[in-house]
Amino acid sequence: MTSKLEHPLKNYVLVTGAYWVFTLTDGALRMLVLLHFFSLGYEAFQIALLFVLYELAGVVTNLIGGWIGSRLGLKVTLYVGLGLQVIVLSALAKFDTAWPVWQAVAFVMGLQALSGVAKDLTKMSAKSAVKLVVAEDEDATLFKWVAILTGSKNTLKGVGFFLGGALLTWLGYEVALYGMAVAVALSFVAVLLLMTGDLGKAKEKVKFSVILTKSPAINILSGARFFLFGARDIWFVVGLPLFLASQLNWNM
């Protein structure tokens, strides 16, 4: 059982707004990093390595995020997710093109891992918070809010891909990253100052074992989802942009 939300509409607007800003910058970050390193002459395999820990960290965070949220509250996980993204964006702006390849790849891989954690903490917090709001609405009219949040995610991520390329062209690598860091920081401050209520914190301690299921069907579906989304990201995040640049001569 969780405590009731105060001012559910305001909390929904804050959570959704923060999630939208995060999703845009997350998509933009992946495209910006990919195109920037491709323009520096990094090979396709080296570029692909940059995103490996992002995906793995996201898988782990997605697995245990609900358990963490039930113990600490969704507000805490949302704060951590947004705060981590600000740190990642700011740190990536410090990248030095004079570094050797191994150092550059290790640096970006580590920060992308933190970004993967931030992404799934923010996503889990936003979706779970909206479900709590829906539960408190007797007329169930807030179900459309859930549809807006979940349905807009992939659209905004796609927009973010184009935004990342545009920002790299218009502002350059460093300025674009600092600009995105400011945008996420502003959303973080808004949530921190304006959100009310104790979001999603369980009154009783939840055992860690609850994150695992004994249902073979759910485990099979989870495994299939892992490979499906992995294949999607390999193609859209790495394969397609490099193909457009190297074979169709799209301008970096």
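Observations on the structure shown:
- FRET efficiency, 1/(1 + (r/R0)^6) with R0 22 Å, evaluated for SER215 and VAL59 via beta carbons: 0.70
- Pairwise label distance in nanometres, MET109 with LYS127, each label 7 Å out on the Cα-Cβ vector: 2.8
- With K and R counted +1 and D and E -1, the other residues having a Cβ less than 13 Å from that of GLY81 yield a net charge of +2.
- Simple spin-label estimate for THR169 and LEU193 gives 3.6 nm between the two label positions (7 Å along the Cα-to-Cβ direction from each Cα).
- Cα gyration tensor shape for the range 40-102, rounded if a/c is under 1.5, else prolate or oblate: oblate
- Model label sites at VAL159 and ARG225, defined 7 Å from Cα along the beta-carbon direction, differ in position by 2.5 nm.
Quick note: the coordinates plus some simple rules give every number you see, no bench work behind them. Keep in mind the model is a prediction, meaning the values are calculated, not measured. Note that each Cβ is placed from the backbone with ideal geometry, even for glycine, and that neighbours are counted across all protein chains shown.
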